[in-house]
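Data first, discussion second: the structure below is written as structure tokens.
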Amino acid sequence: MRRKRIGVILSEAESYYQERILKGIMTKAFELDYDVLIFTSFVKQSFLQDFAFGERQIYDAINYDKLDSVIVLADTLKMPGLFDKICRDIDEKCHVPVVFVDGRYKDYESIYTRDEIPFMHLIEHLIEVHGCRKIMFLSGPLEVATTRERLAGYKRALEKHGIEYDEELVCFDGGFWYDKAASVANNIIYGRRKKPDAIACCGDYMAIGVVHEYQKNGLRVPEDMIVAGYDAIDEAIECVPAITSCSPPLFETGVNAVITVDARIRGVEPQGLMEDGGKVEIGASCGCHEDYSYTKRDHLSAQDKINYHDFLDSNMMEDMACAKNSDDLMAKIQYFLYLILGQKRYYLCLNEDCLGEHEIVGEMSAVLESYTDNMVLNIRSVEGNNRTVSMRFLTAKRSFLTLTRSVQHLMLFS
């Protein structure tokens, strides 16, 4: 009897948010003896229409009949029309439990990252350590679930410390992005908005926008304004000063998603959902001495990560573009597999006859609308044993989806 399979649908799996949720999903799934199949595009958005078209095609490879449950990371599916496509496919083809994470569709089950308590702790840090009483809450639209969660944490912290809630210090014009938050900061600087003791942003991009606006106007953070963010993204660390932020409970969200689909498969109510999680990360934008375990985390864990400069300096794209023929191209791809740190199994599957000599030398044939009925497994890499093969298989059988507990990279191209 085969192990049950959870399909995870998302975009840009290696980004910080997605990586942390996936770690929670895979940890709990393996504990419960599930296999995990991850369906992801390389990027969330692209202005290149042909590239975006190719990226969306990966989701055509999903055979819902082979899955026992599905987890959709809704907030990552940003390419135009992609979320709607996934929803249509689930309506038409999926007959197993489905959970949407940080998003909602019809009456399918949804779970959200529980930001209320972590954001409360962030506000408490500003109150207890820095003596702030007038704290601006800066966010995107109120109808967004994450805004409501974090606003609840903000209110909870104020109430706990006997501070009256002031609507003038609550702003939903930040747009979750640099420029809109910078406009709000500009209004504070020039007296068009009430000046707070600190600005607590519902996202690090907004916090960075606020910091840059103060600096652009000859002011300093934290001396002239204390600023905090949320999400603890890499850009927050790279900002000067580093943004005091909060790591949301994303690992716990991934665990809860698996607990939920497992319960639905067994026909019971979910039990043992994780509630704790999240951590205030101390940068210098609040006035504290930065915590180096946060601000230098990339350096401290460099031995466990691929060196970004190794990738940039590898000349991979140039080398592949100079391939003389299809065999040469496959050999070059095999060589560059070392850039995928920790990969145990790697398969490269291509449409039948997609690597004709005319394409290698620069002439492109018409873009196919879908995968061909027959596909070709061109490269198989297992535990470092790389082989160029030419194995044809029927797309409909999905026979190329070999399941293991190890990290896998499955690449399909039209």
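A count restricted to the stretch 1-22 and to residues that are within 29 Å of I237 (Cα to Cα), of a type outside the set (A, V, I, L, M, F, W, C) and modelled with pLDDT of 95 or more stands at 0. Could you tell me whether any residue of the stretch 153-162 is closer than 21 Å to V280 by Cα, outside any helix (DSSP H, G or I), open to solvent by less than 30 Å² (accessible area, probe 1.4 Å) and at pLDDT 95 or above? No, every residue in the stretch 153-162 fails to be closer than 21 Å to V280 by Cα, outside any helix (DSSP H, G or I), open to solvent by less than 30 Å² (accessible area, probe 1.4 Å) and at pLDDT 95 or above.
Selection of helices (runs of 4 or more DSSP H) fully inside the stretch 25-130 by the criterion of at least 2 residues being surrounded by fewer than 19 Cβ atoms within 10 Å (Cβ to Cβ) and without any contact (Cβ under 8 Å) to a residue 24 or more places away in the chain returns 49-57, 82-93. May I ask you to verify whether T244 is within 30 Å of C94 (Cα to Cα) and either in contact with a Pro (Cβ under 9 Å, 6 or more places away or on another chain) or of a type in the set (D, E) (or both)? When the stated conditions are applied, T244 does not pass them.
If you go through the stretch 36-59, how many residues are more than 13 Å from G81 (Cα to Cα) and touching a strand residue (DSSP E or B) at 6+ places or on another chain (Cβ under 9 Å)?
Here the count works out to 10.
Residue by residue, here is whether (1) at pLDDT 95 or above; (2) touching a helix residue (DSSP H, G or I) at 6+ places or on another chain (Cβ under 9 Å); (3) not in a helix (DSSP H, G or I) holds:
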{"residue": "S183", "(1), (2), (3)": "yes, yes, no"}
{"residue": "R193", "(1), (2), (3)": "yes, yes, yes"}
{"residue": "E213", "(1), (2), (3)": "yes, yes, no"}
{"residue": "I237", "(1), (2), (3)": "no, yes, no"}
{"residue": "A263", "(1), (2), (3)": "yes, no, no"}
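Among the residues of the stretch 321-344, those identified as assigned to a loop (DSSP other than H, G, I, E, B) and more than 29 Å from the chain's Cα centre (by Cα) are C322, A323, K324, N325.
Considering the stretch 220-231, and only residues there that are touching a helix residue (DSSP H, G or I) at 6+ places or on another chain (Cβ under 7 Å), in a loop (DSSP other than H, G, I, E, B) and in contact (Cβ under 8 Å) with a residue 12 or more places away in the chain, the residue that is nearest to L273 (Cα to Cα) turns out to be D231. Y165 satisfies every condition listed in (1) open to solvent by 70 Å² or more (accessible area, probe 1.4 Å); (2) assigned to a helix (DSSP H, G or I) except (2). Looking only at residues in the stretch 168-180 that are in a loop (DSSP other than H, G, I, E, B) and open to solvent by 80 Å² or more (accessible area, probe 1.4 Å), the one that is nearest to V240 (Cα to Cα) is W177.
Residues are listed down the side, and each one gets a yes or a no for (1) touching a residue at least 12 places away in the same chain (Cβ under 8 Å); (2) open to solvent by less than 40 Å² (accessible area, probe 1.4 Å); (3) not aliphatic (A, V, I, L, M):
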position	(1), (2), (3)
I208	yes, yes, no
Q215	no, no, yes
E235	yes, no, yes
C239	yes, yes, yes
L250	yes, yes, no
V261	yes, yes, no
V280	yes, yes, no
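Residues that are touching a helix residue (DSSP H, G or I) at 6+ places or on another chain (Cβ under 8 Å) and in a helix (DSSP H, G or I) were ranked within the stretch 345-368; the one that is modelled with the lowest pLDDT is I360. Going by the structure shown, is D313 open to solvent by 60 Å² or more (accessible area, probe 1.4 Å), among the acidic types (D, E), more than 22 Å from the chain's Cα centre (by Cα) and at pLDDT below 95? Yes, satisfied. With the requirement that a residue be surrounded by fewer than 17 Cβ atoms within 10 Å (Cβ to Cβ) and of a type outside the set (S, T, N, Q), what does the stretch 181-202 give you? If the condition is that a residue be surrounded by fewer than 17 Cβ atoms within 10 Å (Cβ to Cβ) and of a type outside the set (S, T, N, Q), then Y190, G191, R192, K194, K195, D197 are the ones that fit.
The values are calculated or read from the model by the stated rules, or taken from the named source; none is laboratory data. On a predicted model such as this, the values are computed, not experimentally measured, just so you know. In this analysis, Cβ positions are derived from the backbone assuming ideal geometry, glycine residues included, and neighbour counts consider all displayed protein chains. Accessible surface areas use protein heavy atoms only, side chains included; no ligands, DNA or RNA. Shrake-Rupley method; radii C 1.70, N 1.55, O 1.52, S 1.80 Å.
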